[in-house]
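Structure, as structure tokens:
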Amino acid sequence: MRPRLSSAPVFVQVFALMLATLIVSHAVNFAVLTLFPAPPPAGLSISDAARALKGEAVVTPDGKRLQARTRGAAPAPVRTEIDVIEPVIRNALARELGVRPEAVIVDVRGEGHARKPFVRRLHDGVRVIGPPPHAVKQTRELAVDRREVRILRHDGTGEGGAPRVHFSLTSDRLVFPPFSAALREADGRWRVVEPPDPLLSPWQLRLLTWFTVGALLTAPLAYLLARRLTRPIRTFADAADRLGRDPHAPPMAAEGPAEVRLAVSAFNDMQAKLRRYVEDRTAMVAAIAHDLRTPLMRLRFRIESAPPDAREKMEADIAQMDGMVSAVLAFVRGDGERAPRVRLDLRALAQSVVDDLAELGMEAVLLPGPEATVDGDPVGLRRMLTNLVENAVKFGARARVGLALDPGSAMIVVEDDGPGVPEAELEQVFEPFHRLEASRNRSTGGVGLGLAVARSVARDHGGDIRLSNRPEGGLRAMVRLPAAG
Amino acid sequence: MNAPAPEPESSARILVVDDDPGVRDVLGEFLSRHGYQVGAVGGGAEMDRALVACPPDLIVLDLMMPGEDGLSICRRLAAANGPAVIMLSAMGEETDRIVGLELGADDYLPKPCSPRELLARVRAVLRRRRERGGQAEAGAAALEFAGWRLDLVRRELRSRDGLTVGLSGGEFSLLRTLAERPNRILTRDQLLDLARGPTNEAFDRAIDVQVSRLRKKLDDGSGRELIRTVRGEGYLFAAEVRRA
């Protein structure tokens with residue numbers, strides 16, 4: 001057989017599935033990262049903030065609207081500690097607005113890392129990171145237009161002797177982390193611009209898109225593979241279920257992943273053992289029943305010379321034993337091979353069974369009704385019907401047999417006028433060797449196989465038998481058989 | 001049965017073939033009490049010797065025996081046009097009966113049969129043989145008439161379109177009796193005698209009931225009446241019958 005993926009061990013398949021999903025999702029991320037331009041940065045440029053403070057309607061590069069509001073009190077910066085980025089923005093903004101830096105308050109949002117780089121990013125995606133002198137140098141080098149960065153003052157007396165740079169950033173193309181800016185107006189009130197809502201920044205949105213696309217691409221793959229992986233297991237479960245109901249079902253085919261094949265072969269072994277065990281027991285029962293018939297026959301001949309009344313009683317005992325043996329053998333045989341099916345007239349069959357039993361003195365009648373044709377084994381169906389009618393006469397004094405038609409099936413109804421069966425035992429009476437407590441005596445006894453045999457015949461024909469108590473009293477046995485097609 | 005009447009076929013020789021010595025004893029004793037000359041053997045090989053030494057008219061043959069089984073013996077005897085055979089089987093299944101009869105047995109009895117039943121079958125088989133001049137039965141497995149087919153082995157009646165019509169035991173015997181003697185008037189007494197053998201205790205009214213049921217079952221809508229009533233005399237089977 002050609003090795004196929006579906007016959008690989010579950011372990012390998014799961015491993016391959018995980019690996020494949022991982023690879024696909026990362027491939028999507030990589031493709032998105034390299035093939036698409038970077039999204040516009042979140043944040044504000046100096047000129048946007050300045051225009052907003054002047055009262056113009058401004059839309060930031062990532063598509064959010066900026067609007068200035070006028071307030072009475074000066075906004076208090078959240079942070080009192082002066083760090084390097086705030087004065088830079090403040091000075092640039094003041095210059096852009098043409099006011100003194102004292103008239104401007106800037107509050108940079110975010111903590112730690114978000115504040116550190118003072119120039120976050122150029123529009124075209126080039127990053128400039130670092131403390132002012134270095135960053136300014138880089139920015140100047142990288143900026144397309146030198147005008148974007150203007151050095152205001154250069155002195156060498158910074159803290160700890162570090163060089164100190166005073167400069168202004170004016171470009172539209174430089175974007176700062178979100179900050180709020182306030183401008184003091186002539187009347188002492190403040191015009192305030194708040195940064196746009198930080199929720200779903202362009203990069204976050206981009207990430208979300210990657211994730212969605214990746215998930216959409218990998219989900220069908222994962223679905224297909226998972227299905228492929230579980231199908232043999234489900235088939236196995238179904239087959240196991242079928243075997244449970246029919247011990248003669250053919251052994252399962254060893255297909256699918258290695259683990260499932262192992263389970264299948266173990267299961268087949270177990271089934272074979274079980275069947276052998278059942279067959280051994282069945283054969284033993286059949287042999288005992290069979291071998292009883294020879295001594296019974298000798299007895300029958302030996303009592304010929306006994307006195308007539310004793311002989312009659314012995315004859316009855318022998319007949320009863322013979323009946324039990326026959327029932328056991330019929331039941332045991334029910335498991336045997338399938339008898340050939342012929343098309344038969346159900347009414348004629350029912351009539352002949354009723355006639356045969358009526359001739360033996362039983363009170364049995366066939367009610368008028370529809371004709372019905374089924375495909376079946378005449379011997380088996382006759383035995384089934386005989387058992388049902390005999391039961392009805394035995395426990396219910398008389399049997400009324402009727403036929404009925406249903407779409408696709410033919411029904412035989414056998415009713416009696418007896419005490420019926422307790423509701424709880426309506427199913428149990430079909431169990432082999434089951435007898436109602438009340439009937440566990442010699443006169444009506446039997447072996448308790450009649451209904452078991454009848455049901456096995458009905459089921460063998462693709463039908464079934466159900467018992468119910470009639471509301472007007474008595475038991476109703478309803479046989480449903482598939483009508484001849 | 002304690003004072004057996006002399007048998008008309010009392011000269012007949014019967015050989016019992018059964019592996020069970022007890023059965024051989026009781027059968028031998030019973031049949032000789034009824035005037036037959038009985039021999040008994042325990043298997044196929046012994047039977048062959050007995051056949052040469054003293055050929056019987058009838059063999060009562062057990063089906064299940066160690067060594068050569070009854071079916072194979074039966075097939076051998078039928079092929080050699082040997083004596084009549086009544087099969088005895090403890091299997092007692094319908095299929096066993098069919099197989100036995102198809103292999104050429106003249107009759108079949110399930111164990112444990114009653115002595116009376118055995119005696120009736122023995123007489124019937126011997127009588128049939130005598131009627132056919134001692135020849136083995138021609139082996140008609142079925143009778144065909146007017147589109148119907150009566151399977152004598154399976155005891156089934158099949159219509160022209162292949163539908164199997166169930167017959168009760170009495171109906172089958174009656175129909176067989178009628179169809180085996182077509183176009184002859186048979187009185188109720190004759191029918192009772194022929195259909196049920198001499199041991200029946202039914203009244204002749206029962207025959208009328210069976211006939212009317214048979215007529216219903218044989219009604220294929222053509223309006224043709226196969227079983228005719230001959231007023232004051234009996235019944236007549238009006239059809240050409242072919243043995244198949």
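Here are some notes:
- Within the range B:149-175, tally of residues that are free of Cβ contacts under 8 Å to residues at least 24 places away in the same chain, among the charged types (D, E, K, R) and either closer than 22 Å to A:L360 by Cα or at the interface with another protein chain (Cβ under 10 Å from one of its Cβ atoms) (or both): 4
- Screening A:V401 with (1) in contact with a strand residue (DSSP E or B) (Cβ under 8 Å, 6 or more places away or on another chain); (2) closer than 14 Å to A:L451 by Cβ gives one miss only, at (2).
- Residues in the range A:277-319 that are within 56 Å of the chain's Cα centre (by Cα) and away from chain B (no Cβ under 11 Å): A:Y277, A:V278, A:E279, A:D280, A:R281, A:T282, A:A283, A:M284, A:V285, A:I288.
- Top-ranked residue in the range B:11-32 [being more than 17 Å from A:L299 (Cβ to Cβ) and surrounded by fewer than 20 Cβ atoms within 10 Å (Cβ to Cβ); ranked as farthest from the chain's Cα centre (by Cα)]: B:D19
- Yes/no for A:R343 being outside any helix (DSSP H, G or I), at pLDDT 85 or above and under 30 Å from B:R160 (Cα atoms): yes
- Condition check for A:D377: acidic (D, E), touching a residue at least 60 places away in the same chain (Cβ under 8 Å) and within 20 Å of B:F172 (Cα to Cα): yes
- The criterion of being in a helix (DSSP H, G or I) and surrounded by fewer than 20 Cβ atoms within 10 Å (Cβ to Cβ) does not hold for A:G380.
- Yes/no for B:S32 being farther than 18 Å from B:S89 by Cβ and either at pLDDT 90 or above or within 14 Å of chain A (Cβ to nearest Cβ) (or both): yes
- A count restricted to the range A:346-377 and to residues that are part of a helix (DSSP H, G or I) and either more than 10 Å from chain B (Cβ to nearest Cβ) or closer than 20 Å to A:V453 by Cα (or both) stands at 8.
- Whenever a residue of the range B:35-49 is without any contact (Cβ under 8 Å) to a residue 60 or more places away in the chain, its partners that are crowded, with 20+ Cβ neighbours inside 10 Å and aromatic (F, W, Y), lying with C-beta atoms within less than 9 angstrom and at least six residues away or across chains, give the pairs B:V38/B:F30.
- Some residue of the range B:56-71 being in contact (Cβ under 8 Å) with a residue 60 or more places away in the chain and surrounded by fewer than 21 Cβ atoms within 10 Å (Cβ to Cβ): yes
- Where a residue in the range A:218-231 is within 23 Å of A:A263 (Cα to Cα) and its partner, wherever it lies, is loosely packed, with under 13 Cβ neighbours inside 10 Å and not acidic (D, E), with Cβ under 8 Å and at least six apart: A:R228/A:L5
- Residue ID - farthest from A:M18 (Cα to Cα), chosen from residues in the range A:189-245 that are β-branched (V, I, T) and surrounded by fewer than 17 Cβ atoms within 10 Å (Cβ to Cβ): A:T235
- Index of the failed condition, B:T95 passing every other in (1) in a helix (DSSP H, G or I); (2) in contact with a strand residue (DSSP E or B) (Cβ under 9 Å, 6 or more places away or on another chain); (3) within 14 Å of chain A (Cβ to nearest Cβ): (2)
- Some residue of the range A:407-426 being modelled with pLDDT under 85, part of a loop (DSSP other than H, G, I, E, B) and exposed (fewer than 13 other Cβ atoms within 10 Å of the Cβ): no
- Residue in the range B:109-116 that is assigned to a helix (DSSP H, G or I) and either at pLDDT below 85 or away from every other protein chain (no Cβ under 14 Å) (or both) present: no
- A:R382 passes every criterion in (1) free of Cβ contacts under 8 Å to residues at least 40 places away in the same chain; (2) more than 9 Å from every other protein chain (Cβ to nearest Cβ) apart from (2).
- Filtered residues of the range B:135-159 (kept if outside any strand (DSSP E or B) and modelled with pLDDT under 85): B:Q135, B:A136, B:E137, B:A138, B:G139, B:A140, B:A141, B:L152, B:V153, B:R154, B:R155
- Only one of the listed residues (A:A330, A:A392) is in a helix (DSSP H, G or I) and within 12 Å of chain B (Cβ to nearest Cβ). That residue is A:A330.
- For A:A27, the conditions (1) in a loop (DSSP other than H, G, I, E, B); (2) at pLDDT 80 or above are fulfilled apart from (1).
The values are calculated or read from the model by the stated rules, or taken from the named source; none is laboratory data. In this text the structure is predicted, and so the values were computed from the model without any measurement. Glycine also receives a Cβ, built like all others from the backbone with ideal geometry; neighbour counts cover every protein chain displayed.
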